[in-house]
1. So, in segment 239-271, exactly how many residues are buried (at least 19 other Cβ atoms within 10 Å of the Cβ) and part of a loop (DSSP other than H, G, I, E, B)?
2. Give just the number: which of (1) modelled with pLDDT of 70 or more; (2) outside any helix (DSSP H, G or I); (3) not charged (D, E, K, R) does Gly103 not satisfy?
3. Checking Gln56 against (1) surrounded by fewer than 22 Cβ atoms within 10 Å (Cβ to Cβ); (2) in contact with a Lys or Arg (Cβ under 8 Å, 6 or more places away or on another chain); (3) at pLDDT 65 or above, which single condition isn't satisfied?
4. What tally of residues in segment 215-238 results from selecting those that are farther than 24 Å from Ala205 by Cα and surrounded by fewer than 13 Cβ atoms within 10 Å (Cβ to Cβ)?
5. Count, please, the residues in segment 239-268 that happen to be touching a helix residue (DSSP H, G or I) at 6+ places or on another chain (Cβ under 9 Å) and either among the polar types (S, T, N, Q) or over 18 Å from Asn184 (Cα atoms) (or both).
6. Looking only at segment 215-225, decide whether some residue is more than 17 Å from Leu17 (Cβ to Cβ), under 19 Å from the mean Cα position of the chain (by Cα) and modelled with pLDDT of 90 or more.
7. Kindly list the number of the only condition in (1) closer than 25 Å to Thr85 by Cα; (2) modelled with pLDDT of 85 or more that fails for Met264.
8. Just one of Ile21, Ile73 is crowded, with 17+ Cβ neighbours inside 10 Å, modelled with pLDDT of 70 or more, touching a helix residue (DSSP H, G or I) at 6+ places or on another chain (Cβ under 6 Å) and over 18 Å from Ala129 (Cα atoms); which is it?
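The values are calculated or read from the model by the stated rules, or taken from the named source; none is laboratory data. Quantities reported herein were computed from a predicted structural model and do not represent experimental measurements. Here the Cβ positions follow ideal geometry from the backbone for every residue, glycine too, while neighbour counts run over all protein chains shown.
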Amino acid sequence: MFGAGLIVFRETLEAALFVGIVAAATHAVANRTRWLLFGAAAGVMGSLLMAAAMEQISNWANGLGQDLVNVVILSIAFLMLTWHTIWVSTHAREMTEGARRLGADASQGLGSLWAVALAVAMTVLREGAETVLFVAGLASGSPEGVASLMLGATLGFLLGVAVGWLIYSGLGQVQPRRLFAITNVLVLLLAGNLASQLAKTLQQADWLRWLSESAWDSSAFVTNDSLLGMLLHGVIGYDASPSQLQVLFYLLSILLISFAARHMRVRSTSA
């Protein structure tokens, strides 16, 4: 039961933190709730379908089918989150004004919300598929009963959602101008996290062999499996022993997105 609860908590926490931070970042956008719910629901449905077909998927490309799927999902989520980050940088003023007249313009933010919904769907899809597979693996090799495993999984899910909700609630109390500044940083870190996970997946599939040595090892202080480690991973992409390529992808993605967002702000101001 504990193992199932821990696995589900970890996967749910990552998805909940992602959704919570993105929800706070789009707090002033009309109709954003239905788009976020649509993205989350699509991700859940997709994860269930993917889990059902996982045995066939894993046999694609000489057994590398699952890695290929993960690369595609991570790439789409990263690109969509990048688009949203750059879009927000040029529409923050309009979104702040929209917070003062809730629902006054139902179409406000629509250009960004499709990207947000897709990024949410991809994240929930990936975490959901992994959750189903991990729990199924535990059930097949564990002497515990199905009821015990399901109880642990349910508790882990509820706890993960609760932590994500606390993150969102805390951000929701911040003034709009400060909210954009805070959430822009958090969303930027989420993009770096996705880029780091993409590098890790490419290396695990042996598609990239560059810079595979460990950049550092901080597991003596905070392990990946600890509660703090899971929280830090969900928020800033913490890895106790990342490869050099992971660090490079993380830093480059943050720098490039920051540069693009700043460039778009300058163009918007001078226009």
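1. Count: 3.
2. (1)
3. For Gln56, the failing item is (2).
4. Qualifying residue count, segment 215-238: 3.
5. 13
6. No: zero hits.
7. All conditions pass for Met264, except number (2).
8. Being crowded, with 17+ Cβ neighbours inside 10 Å, modelled with pLDDT of 70 or more, touching a helix residue (DSSP H, G or I) at 6+ places or on another chain (Cβ under 6 Å) and over 18 Å from Ala129 (Cα atoms) holds for just one of Ile21, Ile73, which is Ile21.
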